[in-house]
Amino acid sequence: MQEGYTPEMLELIKRVEASRPERLAQSRAGKSYPAMSMDDRDVVLNAFHPDYSEEGRRALGIGQNQGEVYPEELVDLLESRSMLESVSVDVTQPDMETDVLVIGGGGGGTAAALAAAGEGNQVLLATKLRHGDSNTVMAEGGIQGADQEPDSPYYHYLDVIGGGHFTNEPSLVAAMTNDAPLIIEWLESLGMMFDKHPDGRMKVRHGGGTSRKRMHSSGDMTGAEIMRVVRDEARNRAEQIKVLEFSPAVELLMDDDGRCAGAILHNLETSTFQVVKAKAVIIATGGTGRLHYRGFACTNHYGATGDGLVMAYRAGAKLGYMDSVQYHPTGTAYPEQNVGLLVTEKVRGLGGQLLNINGEQFVFPLEPRDVESAAIIRECTGEGRGVRTPTGRLGVWLDSPLIDQLHGEGTVQRELPAKYIQFKRFGIDIAKVPMLVYPTLHYQNGGIAINDLGESTIPGLYAAGETTGGVHGHNRLMGNSLLDILVFGRRAGLNAAKSIAGGEVPGAPNMEHLQSYGEALADAGLDRGVLSPMILPNYATDEIRKQRWDVQSPVV
């Protein structure tokens, strides 16, 4: 059953099938397409990776990072006014008070809440959608942790530094790689169902850019499984962790000394604002994928609109590495309904190979993600050897049927159950025919600058996960995002609790920084009338907006 592909595409797949016996023999002999040298990587990155192009970028005109060059969509977000400038909110009368306010209900925020509650604090976790709606649940392939021989955090550290092109913050990398075995143990103690051998040992695999097999997984739904156990644990501590859903934070509160003092929440169901006074605040709001830099499709959930970044930046926080975005090499290019969705790197870890329109390999399958993405873009746009879909998109083949031939029939369905079902719905059996893929906007390498305690440059404000920058440098390796959110979520929660125990609490909250930011924006001539945070992306076209029902005076 391969009716999902057009006759023309099925004809091209015959080229993949024709080259497969020779490639299979090479794989069984332990031979692979040669990896690039460091010089070769630089060449392909400079010529074809979107981060290395000046197109679609401009300098930020305001704030701590003024003058740095970012994607235009991000600059537009940061050069914006607060939605609260025209709203009357009395911050002297808090609606709620708590020890720790966690903003964001994904894996990082939930880990932070658990850590802070574990130290005896009352925690309020406010999230934009439902508890767990996040990029965490969409992560597929695995989580890294050096917990088996002959591996160690030392080798993990070196891999992360090399994968990040030696631009990472060393102290953050050391914190993440040293904590990794503890995180794996913690997850198992919470009941996470890792993939294991019959004798109970963990199954581990290579990811791109890794020198040792340390990728732990739960099928191809590792993030969803992590979210299941940490969310259950948080919900089991309801006496200490209160969860507010559909209540995104829209601005931070500060005291007269510049210490973070809480946040304003926006109830999406009642359209009211709520003032929360907190002794410490932890931002874990994820990335910016839904800004769709340069028109790229993305793998992110609908809430990934950079809310935490813009709130922290207005309050005076320093950002870092915001010039760097990760494009995952294998986003779905066909069928159209799946465009942009992630095809986990585990496919290549299992032996899947990337092939051009002629059925030829053109890149080592496990290069670092930025290099792999640039090589695919080069093959499609530079060499003219991409496969064109009926809607005009370009892609290359990812030969997933090779996996069953390497590891035995049924491996694709067993190791990649979610991906198998996702394609089968559209008449494509990825155990029998390859997938068509192209790089997709996946991860924000930069974010709020933090130290290894999870502290931002603003006293009382902590951050964790994809909303931060530094640990991955300018390129993240597979499996380190799920690790990042848990390591720094826990560190942020623990150190926020330690700060509170030490008597470091804010004074009376105010919103004066919003007025100052708005005035600076106007003085710089950058006020374009844009308001933020975005909260949710608007995908309606102008034509659809014109046809919307006017609730006040209905006109059809």
In region 381-397, anything surrounded by 19 or more Cβ atoms within 10 Å (Cβ to Cβ) and either out of contact with any Asp or Glu (no Cβ under 7 Å at 6 or more places or on another chain) or of a type in the set (A, V, I, L, M) (or both) is listed as VAL387, THR389, LEU394, GLY395, VAL396, TRP397
The one condition ALA116 fails out of (1) surrounded by 19 or more Cβ atoms within 10 Å (Cβ to Cβ); (2) closer than 16 Å to ASP232 by Cβ is (2)
For region 264-311, the count of residues that are among the polar types (S, T, N, Q) and farther than 30 Å from THR332 by Cα equals 5
Pairing a residue in region 495-506 that is at negative phi with any residue that is in a loop (DSSP other than H, G, I, E, B) and at pLDDT 95 or above, where Cβ atoms lie under 6 Å and the two sit 6 or more apart in sequence or on different chains, gives ASN495/LEU453; ASN495/GLY454; ALA497/GLU119; ALA497/ASN121; PRO506/ASP255; PRO506/ARG259; PRO506/GLY460
Of the listed residues (GLY320, GLY316, GLY306), the one being over 23 Å from TRP397 (Cα atoms) and buried (at least 24 other Cβ atoms within 10 Å of the Cβ) is GLY306
Pairs returned, first residue in region 309-334 that is closer than 27 Å to ARG259 by Cα, second residue that is among the aromatic types (Phe, Trp, Tyr), beta-carbon separation under 6 angstrom, 6 or more apart or interchain, are ARG314/TYR517; MET322/TYR70
Open item on the list: Looking for something open to solvent by 30 Å² or more (accessible area, probe 1.4 Å) and closer than 18 Å to TYR462 by Cα - is there at least one such residue anywhere in region 246-255?
Closed with: no
Test: ARG378 is within 24 Å of THR299 (Cβ to Cβ), touching a Phe, Trp or Tyr at 6+ places or on another chain (Cβ under 6 Å) and surrounded by fewer than 21 Cβ atoms within 10 Å (Cβ to Cβ): yes
For region 106-132, pairs from a residue that is over 23 Å from ASP95 (Cα atoms) to a residue that is part of a strand (DSSP E or B), with Cβ under 7 Å and 6 or more apart or across chains, are none
Condition set buried (at least 20 other Cβ atoms within 10 Å of the Cβ) and assigned to a loop (DSSP other than H, G, I, E, B), scope region 152-176, selection modelled with the lowest pLDDT: answer is GLY164
Given (1) under 28 Å from ASN135 (Cα atoms); (2) in contact with a Leu (Cβ under 7 Å, 6 or more places away or on another chain); (3) at pLDDT 95 or above; (4) not acidic (Asp, Glu), ILE357 misses just (1)
Counted residues in region 177-198 being in contact with a His (Cβ under 8 Å, 6 or more places away or on another chain) and outside any helix (DSSP H, G or I) come to 2
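The values are calculated or read from the model by the stated rules, or taken from the named source; none is laboratory data. Just so we're clear, the structure is a prediction, and the values are computed from it rather than from any experiment. Backbone-built Cβ (ideal geometry, glycine too); neighbour counts: all protein chains shown. These accessible areas exclude ligands, DNA and RNA; they are computed on the full protein's heavy atoms, side chains included. Shrake-Rupley method; radii C 1.70, N 1.55, O 1.52, S 1.80 Å.
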